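Below you'll find the structure, written out as structure tokens, and then a few comments.
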Amino acid sequence: MCEDVLRQLAIEAQKYPPLSPQRQQILNRLINKILKSDALGHPQHGGYHPSFYEDIRNEALQITLLQVCQKIDAYNPTHPVMAWVNFMLNMKFKDVMTSYNRRGLTFIPRSKLGQVTQIPSLDDLDRDIGVEETQTNAQLLQQFLEKDPEGLLQSEHVRDRPDVTFQRVALTKYVEDKTWEEMAQKFDISLQTLYSFFDRRLQKFMPYFKKYLQE
């Protein structure tokens with residue numbers, strides 16, 4: 001029954017011109033139905049740290065839903081709507097993962113409880129150059145982020161949001177262990193804006209991290 005409703009909405013949307021109020025209204029209903037569908041897929045599920053997987057899937061899902069709206073005329077009514085949606089979701093998931101990999105933000109298997117990060121693994125630092133045995137890796141990272149020895153992390157912030165500094169975002173991500181979606185809600189900033197800001201500044205601060213975490 002749900003698939004029949006989705007198909008009817010998709011066909012109905014195709015009857016109206018692009019950008020028309022009627023089409024937009026129907027597409028909104030269609031998107032809401034898709035999001036509530038039990039058939040909505042989870043591409044390549046498994047093997048990822050949970051928070052990282054959800055970040056990637058959510059980003060891919062947002063792109064997919066946008067394409068549903070933009071390419072509704074390409075939908076073939078002889079095929080199930082959710083099959084069409086999940087096909088695009090799988091493709092977009094791969095695209096987003098490829099984009100992360102190109103920027104060096106590769107995933108870490110869930111078994112290692114990794115995080116999305118280009119910061120050198122503190123486990124690696126412990127093994128390769130040694131850290132104080134009385135301090136855990138998490139404590140070292142937290143202390144560095146909080147102290148910010150040269151005041152660099154607190155000097156960079158999201159545009160027009162001086163309260164959302166790189167230091168605050170990093171502490172929320174690595175110490176509080178929040179997902180990107182949770183952080184976007186907490187700071188009232190779009191996930192894409194928040195992630196782009198963090199990604200660019202992380203590249204910039206990489207020597208700073210290495211300088212103090214590898215001492």
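The values are calculated or read from the model by the stated rules, or taken from the named source; none is laboratory data. From a predicted model like this one, the values you see are computed outputs, not experimental measurements. Backbone-built Cβ (ideal geometry, glycine too); neighbour counts: all protein chains shown. Quick note on the areas: whole protein, heavy atoms, side chains included, nothing else; ligands and nucleic acids left out. Shrake-Rupley method; radii C 1.70, N 1.55, O 1.52, S 1.80 Å.
Just give me the residues in segment 175-188 being out of contact with any helix residue (DSSP H, G or I) (no Cβ under 8 Å at 6 or more places or on another chain) and either aliphatic (A, V, I, L, M) or assigned to a helix (DSSP H, G or I) (or both), in sequence order. Let's see the steps before the verdict.
Residues of segment 175-188 out of contact with any helix residue (DSSP H, G or I) (no Cβ under 8 Å at 6 or more places or on another chain): 176, 182, 185, 188.
Within segment 175-188, Glu182, Gln185 meet the criteria.
Being open to solvent by less than 10 Å² (accessible area, probe 1.4 Å) and over 19 Å from Leu213 (Cβ atoms) is the filter here, so list the residues in segment 159-171 that pass it. Steps first, answer last, please.
Pass one, segment 159-171, residues open to solvent by less than 10 Å² (accessible area, probe 1.4 Å): 164, 166, 169-170.
Of everything in segment 159-171, just one residue is open to solvent by less than 10 Å² (accessible area, probe 1.4 Å) and over 19 Å from Leu213 (Cβ atoms), namely Val164.
With respect to Asn32, determine if the residue is open to solvent by 80 Å² or more (accessible area, probe 1.4 Å), polar (S, T, N, Q) and either outside any loop (DSSP other than H, G, I, E, B) or without any contact (Cβ under 8 Å) to a residue 24 or more places away in the chain (or both).
On the way: open to solvent by 80 Å² or more (accessible area, probe 1.4 Å): yes; polar (S, T, N, Q): yes; either outside any loop (DSSP other than H, G, I, E, B) or without any contact (Cβ under 8 Å) to a residue 24 or more places away in the chain (or both): yes.
Spelling it out, Asn32 is indeed open to solvent by 80 Å² or more (accessible area, probe 1.4 Å), polar (S, T, N, Q) and either outside any loop (DSSP other than H, G, I, E, B) or without any contact (Cβ under 8 Å) to a residue 24 or more places away in the chain (or both).
With Phe144, Phe198, Phe205, Phe209 as the choices, which residue is open to solvent by less than 60 Å² (accessible area, probe 1.4 Å), of a type in the set (Phe, Trp, Tyr), farther than 25 Å from Ser99 by Cβ and in a helix (DSSP H, G or I)?
Phe144
If you check Ser51 against the conditions, is it open to solvent by less than 60 Å² (accessible area, probe 1.4 Å) and either at pLDDT 90 or above or more than 30 Å from Asp177 (Cβ to Cβ) (or both)? Before you say what the answer is, go through the steps one by one.
Details: open to solvent by less than 60 Å² (accessible area, probe 1.4 Å): yes; either at pLDDT 90 or above or more than 30 Å from Asp177 (Cβ to Cβ) (or both): no.
Taking the combined requirement at face value, the residue does not satisfy it.
Do any residues in segment 75-89 that are under 16 Å from Ala60 (Cα atoms) have Cβ atoms under 8 Å from those of residues that are assigned to a helix (DSSP H, G or I) and polar (S, T, N, Q), where the two are at least six apart or on different chains, and which pairs are they?
Partner pairs satisfying both residue conditions: Val85/Thr64; Met88/Thr64; Met88/Gln67; Leu89/Thr64.
Filter segment 3-29 for residues that are open to solvent by 70 Å² or more (accessible area, probe 1.4 Å) and part of a helix (DSSP H, G or I); which is nearest to Gln70 (Cα to Cα)?
Checked segment 3-29; the qualifying residue nearest to Gln70 (Cα to Cα) is Gln24.
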